[in-house]
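Accompanying notes for the structure given below.
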Amino acid sequence: MRLKALLTQRFTAAMRSAGIPDDCSPMLALSGKPQFGDYQANGAMGAAKRMKANPRDLAANILQHLDLEGIAEKLEIAGPGFINIHLNKSFLATSLNHTKLDLLASEDQQTVVIDYSSPNLAKEMHVGHLRSTIIGDALARVLEYQGHSVKRQNHMGDWGTQFGMLIAELEEHLGEGEQAELALNDLELFYQQSKKHFDEDPDFADKARGYVVKLQSGDKHCRRLWQKFIKVSVAHSLEIYQQLNVGLLEAHIQPESAYNDSLEAVVDDLSNQGLAVDSDGAKVVFLPELADKKGNPSPMIVQKSGGGFLYATSDLAALLYRINELQANRILYFIDARQSLHMKQVFITGRKAKYVPQTVSLEHHSFGTMMGSDGRPFKTRSGGTVKLADLLLEAVQRAEKLVREKNSTLSEEQIKDVANKVGIGAVKYADLSITRTNDYIFDWESMLSFEGNTAPYLQYAYTRISSIFRKAEINPKTLSASINIIESQEKALALKLIQFEEVIDQVALDCYPHTLCTYLYELASAFMTFYEHCPVLKDSVAKEVQQSRLKLCALSSETLACGLDLLGIDVMEKM
Ligand code: ARG
C-alpha cells in the first residue's frame, strides 16, 4: 500500500475512534519543511470547527487513538492543531526494500482510450502539435505502467474541404510527370502553392470544389489522388513520432475518414431522438446546457445544408466506436484549450443520446499555447509557423554543441547519441514540466541548461550515479545489500524514493505530468545532497554502510530512469 494511503487509513481509524464524524478526513499532506516532520495531518482543525471543539484538544484526542507503531518515531501537535509525523527510519528502510509497483487488482484495470497528437494531414506537423503529442504520450506510458489497457487513437484530420484543393493541385503535378513523393516533399510549401492557386485561379477553384464532392461520394480517381497525398503526409508524421521518441505507430491511426460510413446513421439517430433539428436546411443540436448569457442554447451543427458532415459529427461517431468497439472505461482527449466548447458539446450530446454510459469517464485535458520569447505564439523570425521537423533538428544540433564543449572522451557515435537524447529530452521536458493548462515560453537556453528543473540536469544526475557504479565495478542490478538509514540526508532520499508510486497515481488521475517532473527534480536534488554529505566509495566508509548507500544510489538511478521513461525521455550512461 502507498505510504500516504496507509497513513490516511490509520488516521481515519483514529478519528472514528475519537468520535469524529465520518465525513471529516485527516487531510494528509507532505510537510513543507523538515522540522515539521515528513507528513502532516491537517484534518483536526476542520473537524474541530464542525464539532465546535478546541482543535489542539481534538488533535491530542486523535493521537491517543492513533496506532503508528513501527511507522512513526515521533508525533507532535503544532500551531493551531497540525499533527506532524516524523517517520521511523527503519520503517522507511524496510519499505524501500520492496518499492516495486504493487500490480493493480484486475477489477481496477481499465481500458483507457487516449486521443492525442491527431494532426491535420493537409499540412506539415508544426509546433502547435507538439503539446498534444508529448503530453498525451506521457499519459499513455503512465497508464500502461500502472497496468491499464491503453488504446492510443490518433484522430488525424484527413478529410474536409482542403483536400479538394490539394488533390487538384497534386493532379497537375502528376500530370507533368512528377512523382507524388517529390511533389509533396515539402508539404507546407505544397499547401501554400495550392492555396495560392485556389485563390487566384477561378477555374482551379471550381475544380477543387468539385473534387471535394467527388471525393466524398467515392469517385475512384479522386480517392486515388487523395490516398497518395495521405500516404506521404502520414509517413511524415510517423517520422516525427520516431524522432520524438513517441509511441504512436501506424496502427494507432484512426483518422476522421474512418468514420465516413457511420456519419449518416449518427445524424439520423440524433434526429430520431429529437436531439438534432432542422435549422436553415442544416441539422443542428441545440444545447441549453451551454446557453450563453442571454439564454440562447449553444448550437452544434452535425450536417451542413448541402449535406456535408462536420468535425463534430466524426467526433460523435468516434465516441460510439470507442465505447462499443474499444470498450473504453475512460476516454482522454489531449487537445488545445481553444477546442473546449467543441469538446463540451460532443460530450453532452454523447451523454444525451445515450452513446456514453454514466460509468464511462470523458475527459478533455486541455493545454495552453507555446509562446516565443516575445510573449506571442511561437513563430519563425519571419512570422511563419515553425515546422516540427526543423525545431527538433535545431534541438539536436544545439545539444550536440553543448556535449562537445563539455566532454572530449566520448566517441563520435556516442556524441550523436547523447546529443539526440539530450536535445529531444530537453524539448519534451520543457513542455511537460510546466502546469499543462498554462501557456509557456519556449526558450532554448533554459531548457538545455544543466542546472535547474530540466531534462539535461536529470540525465546528468543519472550519469553521475552510473559513474559511481563504474568506479566501484559493481553492477547495481545485482546489489543485494539492504538499506540502513542513519543520516538525515539518507532519510530524505529514502522518503522521496518511496513516494514514486504515489506520484504516478496522481498523474494517472488528473493527467498533469508536471507533478512527475517536479518529483524527479526533487529526487535528483535529494540525491545530490545525499551524495555530498554521505561518502559512498571512500575507504573510511564501513563496508555495511557502503553497501546500504550503494543500494540507495541504485534505487535512485532506477527511479530516475523509470520516471524519465514514463515521460518518453531516454537516459545514457555517460555524457
Ligand atoms: N485534427 C484536430 C486539429 O488539428 C485535432 C483532433 C483532436 N481529436 C478529436 N477527437 N477531435 O485541431
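Values in this text are rule-based calculations from the coordinates and carry no lab data. Keep in mind that this is a model prediction, so the values were computed, not measured. Heads up, the Cβs are rebuilt from the backbone with ideal geometry, glycines too, and the neighbour counts pull from every protein chain shown.
The table that follows gives values for the structure above.
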read-out	value
Stokes-Einstein D (µm²/s) once Rh is taken as the Kirkwood radius of the stretch 431-575 over alpha-carbon pairs, at 10 °C in 1.306 mPa s	99
Total formal charge among the other residues, if their Cβ is under 15 angstrom from that of residue 179, Lys/Arg +1 and Asp/Glu -1	-4
Protection proxy ranking of 251-259, 357-365 - average other beta-carbon atoms within 10 Å, highest first	251-259, 357-365
Square roots of five times the Cα gyration tensor eigenvalues for the stretch 382-484, Å	31, 19, 10
For the stretch 353-424, the Rg and Dmax computed from alpha carbons only, in angstrom	20.3, 64
Cα-based Rg / Dmax (Å) for the stretch 251-343	14.2, 46
Spherically averaged projected area in nm², based on the convex hull that wraps the Cα atoms of the stretch 1-49	3.7
Calculated log₁₀ intensity ratio I(q)/I(0) where the Debye formula runs over C-alpha points of the stretch 1-127, q = 0.22 Å⁻¹	-1.24
C-alpha long axis of helix 3-17 to longest principal axis of the chain, angle in °	70
Angle between the chain longest axis and helix 202-216 axis [Cα atoms, degrees, rounded to 10]	60
Cα long-axis angle, helix 311-324 against the chain (0 to 90 degrees, to the nearest 10)	50
Ellipticity estimate at 222 nm from DSSP helix runs (n ≥ 4, -39,500 (n - 2.57)) divided over the chain, nearest 500	-17000 deg cm²/dmol
Local electrostatic count at residue 248 - Lys and Arg +1, Asp and Glu -1, tallied over other residues with Cβ under 13 Å	-1
Reachable lysines from residue 496, criterion Cα separation under 17 angstrom, eight or more residues apart if same chain	4, 33, 89, 100, 551
Long-range Cα-Cα pairs in the stretch 110-208 (distance over 16 Å), rounded percent	64
Sites residue 223 and residue 480, calculated FRET efficiency, Cβ-Cβ separation with R0 56 Å, nearest 0.05	0.35
Debye log10 I(q)/I(0) for the chain, one point scatterer per Cα, at q = 0.07, 0.08 Å⁻¹	-0.55, -0.70
Peptide ranges 80-89, 380-389 listed from the most packed, as the mean C-beta count within 10 angstrom indicates	80-89, 380-389
Per-selection Rg to Rh, the stretch 168-227 - Cα, Kirkwood hydrodynamic radius	0.96
Taking the convex hull of Cα positions in the stretch 52-191, its mean projected area over all directions (nm²)	17.3
Percent RCO, i.e. relative contact order, over the chain, from Cα pairs under 8 Å lying at least 6 residues apart	14
Charge sum, other residues only, whose C-beta stays under 15 Å from residue 475's C-beta, Lys/Arg counted +1 and Asp/Glu -1	+1
